[in-house]
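Quick notes on the structure that follows.
The values are calculated or read from the model by the stated rules, or taken from the named source; none is laboratory data. Note that this is a predicted model, so its numbers are computed, not measured. As a convention, Cβ positions derive from the backbone with ideal geometry for all residues, glycine included, and neighbour counts pool all protein chains shown. These accessible areas exclude ligands, DNA and RNA; they are computed on the full protein's heavy atoms, side chains included. Shrake-Rupley method; radii C 1.70, N 1.55, O 1.52, S 1.80 Å.
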Amino acid sequence: MMLDGLYQEIILDHYKNPHGRGLRDPFDGEAHHVNPTCGDEITVRVTSDLTDISYDGLGCSISQASASVLHELVQGKDPAAAAEIHHAFVELMQSRGQIEPDEEVLGDGIAFAGVAKFPARVKCALLPWMAFKDAAARAGVDVGASPEVKA
Amino acid sequence: MSFDVARVRKDFPIFDREVNGYPLVYLDSANTSQKPVQVLDVMRAHQERYNGNVSRSVHTLGTESTEAYEGARARIASFIGAASPDEVVFTKNSTEAINLVAHSAGQMLRLGPGDEIVISEMEHHSNIVPWQLLCERTGATLRWFGITDEGRLDESQLDSLITSRTKIVSVVHMSNVLGTINDVSRISARAREVGALLMLDCSQSVPHLPMDVRSLGADLIAFTGHKMLGPTGIGVLWGRFDLLAQLPPFLGGGSMIETVTMTGTTYAAPPARFEAGTPPITEAIGLGAAVDYLTGLGMEAIHQHEQDITRYALEQLTAVPGVRIYGPASVEGRGGTVSFGVDGVHPHDVGQVLDALGVEVRVGHHCARPVCSRFGVPAMTRASFYLYTTTDEIDALARGLDQVRKVFG
């Protein structure tokens, strides 16, 4: 079934057993993002040294699994490494499936390569990443310019 | 069988196609309906053979176009039981019709602080936001009916909600999420008692129910063409003529004037007063053809078919483990729009798995976020039916939901 590309086991695992879920104190920056077309919501908190990235939200398997992967990949990284991962993930999601993701950089995030082929779901996957970027900016952490989000 | 759904489906070319390798199962008619070849042919013929601008040309094409456009207006008027075609104003859609009333009635009534507008929690955003904007412009206050646990309008506070301060009441006739058909007789009587205007959003009711505006008890209704076999880009505002005649214009421009000088303008009588600029001519003619098609089958027969399908769907969905239906549990006082949740699975994921099986449903907040909030969920999955829906398609939906539970179980 063509859904196999979308609902990879890795994504379903993160959805059913999310990493780092739940909002925690202390934090230095927080952002709340919504997807106005579907009503999905996420709140992301970060500390200025990125040693904690916490989140909570309501949403589909793609957006929730994406938040879990974000937590796993970016927590504890320095800003330059966080920026590289952020850039790579956004680029992958906007590739329409034309990019071969680098597992060294994206870890479990490579499972989202299939999501890029479903334009209606790209926004779901990007929701936590955009909220993270805003939260980081509010904590004074620059994770760099990401490719423009058009979806 | 009086209603031959197999024959009806032959009129809709789209049912020949497949989606993701499966026969199309289209369960999203509350979003937009499919179009029969009779509507498509009329629109194409108009563009190919009769195209001219309306109401302003002495030439033959202009005259034929005007006759077709006004003919469509007359048939739509008759379809809803209007006293005269002059009570039918063509708009872009229901949203524009409601915005028209919010502007023009707001101005006519000279709304200000202390005045109140009453809507409900059951509304589509198009029957919320124009009134919020009107309140922001004028200082009037917005109030609303709640929804009961059964998915019906909560009228328990009717007399304290609609009072002498109320100037406009605007509520939905049939909910686009819950499927509830609101009996508006008490609201209508109360609005009349206090001298408030009553507007009904009939976007979901006119396509599916026999409609007689003279016995409905409303002063104004809005509906849209693309949900009733017609094209997008054409909607209708119906209003009592004596009321329309008092309303100031909404948009200004060509066609809506009586005479224009550099220092001022006088306005045409309704409906032209509210149709500034070249209207969607082909679309209006297409909607006229849609009304002919519906009339040919009979709205009572269509409604009965949808009741049968809805009864079957409620039974089938209730039998799927983990499915919760929002809205009336039986077909009494409800139409063929059924929203539900699947325990532990987000509606986006439900919709994605169903789509992979060719089953097209809507997921999300359905442009009625307060309804979702009322039931404590961010989103719902919605299956909506029409004259071409079959029990086989309901079975495909139920099988699809089994697949959903397998993927996310």
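Taking the criterion of being more than 9 Å from chain A (Cβ to nearest Cβ) and touching a helix residue (DSSP H, G or I) at 6+ places or on another chain (Cβ under 7 Å), the residues of the range B:351-380 that qualify are B:LEU354, B:VAL359, B:VAL361, B:CYS367, B:ALA368, B:MET380. For A:ASP108, the test of being in contact with a Leu (Cβ under 8 Å, 6 or more places away or on another chain), of a type in the set (Asp, Glu) and in contact (Cβ under 8 Å) with a residue 24 or more places away in the chain is passed. Of all residues being crowded, with 24+ Cβ neighbours inside 10 Å and facing chain A (nearest Cβ under 9 Å) in the range B:335-347, which is farthest from the chain's Cα centre (by Cα)? Just the residue, please. The extreme case among them is B:HIS346. State yes or no: is A:LEU6 farther than 28 Å from B:PRO378 by Cα and open to solvent by less than 20 Å² (accessible area, probe 1.4 Å)? So A:LEU6 fails the test. Scanning the range A:1-26 for residues that are among the aliphatic types (A, V, I, L, M), without any contact (Cβ under 8 Å) to a residue 60 or more places away in the chain and more than 11 Å from every other protein chain (Cβ to nearest Cβ) yields a count of 1. Scanning the range A:72-102 for residues that are modelled with pLDDT under 90 and assigned to a helix (DSSP H, G or I) yields nothing. Just one of the listed residues (B:GLY195, B:GLY179) is of a type outside the set (Val, Ile, Thr) and out of contact with any Lys or Arg (no Cβ under 8 Å at 6 or more places or on another chain), namely B:GLY195.
Going through (1) of a type in the set (Ser, Thr, Tyr); (2) under 26 Å from A:GLY140 (Cβ atoms); (3) touching a Cys at 6+ places or on another chain (Cβ under 9 Å) one by one, A:THR47 falls short only on (3). Please enumerate the residues belonging to the range B:380-404 that are closer than 17 Å to A:GLY59 by Cα and either more than 21 Å from the chain's Cα centre (by Cα) or open to solvent by 10 Å² or more (accessible area, probe 1.4 Å) (or both). Result: B:VAL404, single match. Looking across the range B:161-200, the residues that are open to solvent by less than 10 Å² (accessible area, probe 1.4 Å) and part of a strand (DSSP E or B) come down to B:THR166, B:ILE168, B:VAL169, B:SER170, B:VAL171, B:VAL172, B:MET174, B:THR180, B:LEU198, B:MET199, B:LEU200. Under the condition of being part of a loop (DSSP other than H, G, I, E, B) and either farther than 30 Å from B:ILE281 by Cα or small (Gly, Ala, Ser) (or both), the residues counted in the range B:1-49 number 10. Looking only at the range B:180-236, how many residues end up being hydroxyl-bearing (Ser, Thr, Tyr) and under 28 Å from B:ILE281 (Cβ atoms)? Residues flagged as hydroxyl-bearing (Ser, Thr, Tyr) and under 28 Å from B:ILE281 (Cβ atoms) within the range B:180-236 amount to 4. Listed by first and then second residue, the pairs linking a residue in the range B:121-144 that is farther than 20 Å from B:CYS372 by Cα to a residue that is part of a loop (DSSP other than H, G, I, E, B), with Cβ atoms under 6 Å apart and 6 or more places separating them unless they lie on different chains, are B:THR138/B:LEU111; B:THR138/B:GLY112; B:GLY139/B:GLY112; B:GLY139/B:PRO113; B:ALA140/B:LEU111; B:ALA140/B:ASP115. For the range A:31-68, filtering for residues that are open to solvent by 70 Å² or more (accessible area, probe 1.4 Å) and within 15 Å of the chain's Cα centre (by Cα) leaves 3. Quick check, is B:ILE309 open to solvent by less than 10 Å² (accessible area, probe 1.4 Å), away from chain A (no Cβ under 12 Å) and under 21 Å from the mean Cα position of the chain (by Cα)? In short, yes. When we screen A:THR37, A:THR51, A:THR43 for residues that are part of a loop (DSSP other than H, G, I, E, B) and within 14 Å of chain B (Cβ to nearest Cβ), the only hit is A:THR37.
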